[in-house]
Amino acid sequence: MRVSHGGLQLSSASGILLILLYCTFTFVSWLFYPYPYSPWSNYLSRLGNFDYSPIGAYFYNLGCILTGIALIPFFIGMWEWSPTNALGKGVLLLGQVMGMCSALALILIGVFSEDQGSPHMIASSAFFLLNFFVLVLISIALLLHHRFIKLIGLFGLVLTFLSLPLEVFLGGPFVEWYTVFGSLIFVGLVSYNTMLLGKDERESHGIKSLELPRSRSSTRSQV
């Protein structure tokens with residue numbers, strides 16, 4: 001399958017950008033949070049609650065909106081990882097569509113902050129439900145691509161299914177932190193593998209462009 005550099009750059013660049021956006025805005029909002037805060041006792045959305053953190057909430061909610069926007073080109077660019085078989089293409093396409101829906105849900109989490117009640121809970125529940133299926137579908141599709149690093153795909157599946165027993169036996173805010181930052185690590189690994197693929201493609205095209213003039217000159221010499 002031919003891989004276009006534009007799609008590879010879109011997916012890898014937006015993947016790195018969304019990690020930086022979410023981590024930066026979350027950290028800044030944490031600095032403004034006026035009460036004790038930890039992954040064991042507080043959900044991430046509490047940072048965006050204006051009742052608890054009138055200043056820091058602006059940063060967290062803006063971070064969710066910008067991260068959700070950056071997720072859209074990330075999932076669009078993932079089509080460059082489409083397997084050659086029809087089943088793999090279908091799995092990846094479904095994962096992309098659900099991924100863009102999860103991006104919209106993340107944007108809505110930022111629009112409807114935790115202090116707004118039901119709208120926030122609906123957006124948050126939709127995001128984490130969609131995120132579960134997105135990770136499964138994308139991981140399976142990537143495992144079907146012969147040039148994808150298999151350990152990364154396996155990491156995505158283990159990350160996803162491990163969240164189930166954690167939710168049952170542990171529950172609470174920690175599972176949310178595990179899911180969110182585990183997903184960011186997965187995005188980072190996919191972006192890294194995508195950059196490697198892009199580098200290989202550029203090198204192979206460079207070799208072909210060098211071979212082409214040589215082949216023409218050898219043909220002329222034979223004539």
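The values are calculated or read from the model by the stated rules, or taken from the named source; none is laboratory data. All figures in this text were calculated on a predicted structure; none of them were measured in a lab. Ideal geometry is used to build each Cβ from the backbone, glycine not excepted, and the neighbour counts take in all protein chains shown.
Considering only the range 138-161, I want to know if a residue exists there that is crowded, with 18+ Cβ neighbours inside 10 Å, at pLDDT 95 or above, polar (S, T, N, Q) and within 17 Å of Ala103 (Cα to Cα).
Looking for residues that are crowded, with 18+ Cβ neighbours inside 10 Å, at pLDDT 95 or above, polar (S, T, N, Q) and within 17 Å of Ala103 (Cα to Cα), one finds none in the range 138-161, hence no.
Select from the range 53-89 the residues that are crowded, with 17+ Cβ neighbours inside 10 Å, farther than 26 Å from Phe133 by Cβ and either touching a residue at least 40 places away in the same chain (Cβ under 8 Å) or under 15 Å from the mean Cα position of the chain (by Cα) (or both) and list them in ascending order.
Across the range 53-89, the qualifying residue is only Ala57.
Six or more apart or on different chains, Cβ atoms under 8 Å: show the pairs whose first residue is in the range 163-187 and more than 25 Å from Phe25 (Cβ to Cβ) and whose second is assigned to a helix (DSSP H, G or I).
Leu166/Phe174; Leu166/Val175; Leu166/Tyr178; Glu167/Val175
Okay, residues lined up against (1) among the β-branched types (Val, Ile, Thr); (2) not in a helix (DSSP H, G or I):
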{"site": "Ile109", "(1), (2)": "yes, no"}
{"site": "Pro119", "(1), (2)": "no, no"}
{"site": "Ser139", "(1), (2)": "no, no"}
{"site": "His146", "(1), (2)": "no, yes"}
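Considering only the range 105-127, how many residues are of a type outside the set (Asp, Glu) and buried (at least 18 other Cβ atoms within 10 Å of the Cβ)?
Selection size over the range 105-127: 12.
Scanning for something among the acidic types (Asp, Glu) and over 18 Å from the mean Cα position of the chain (by Cα), does the range 109-124 turn up at least one residue?
For the range 109-124, residues among the acidic types (Asp, Glu) and over 18 Å from the mean Cα position of the chain (by Cα): present.
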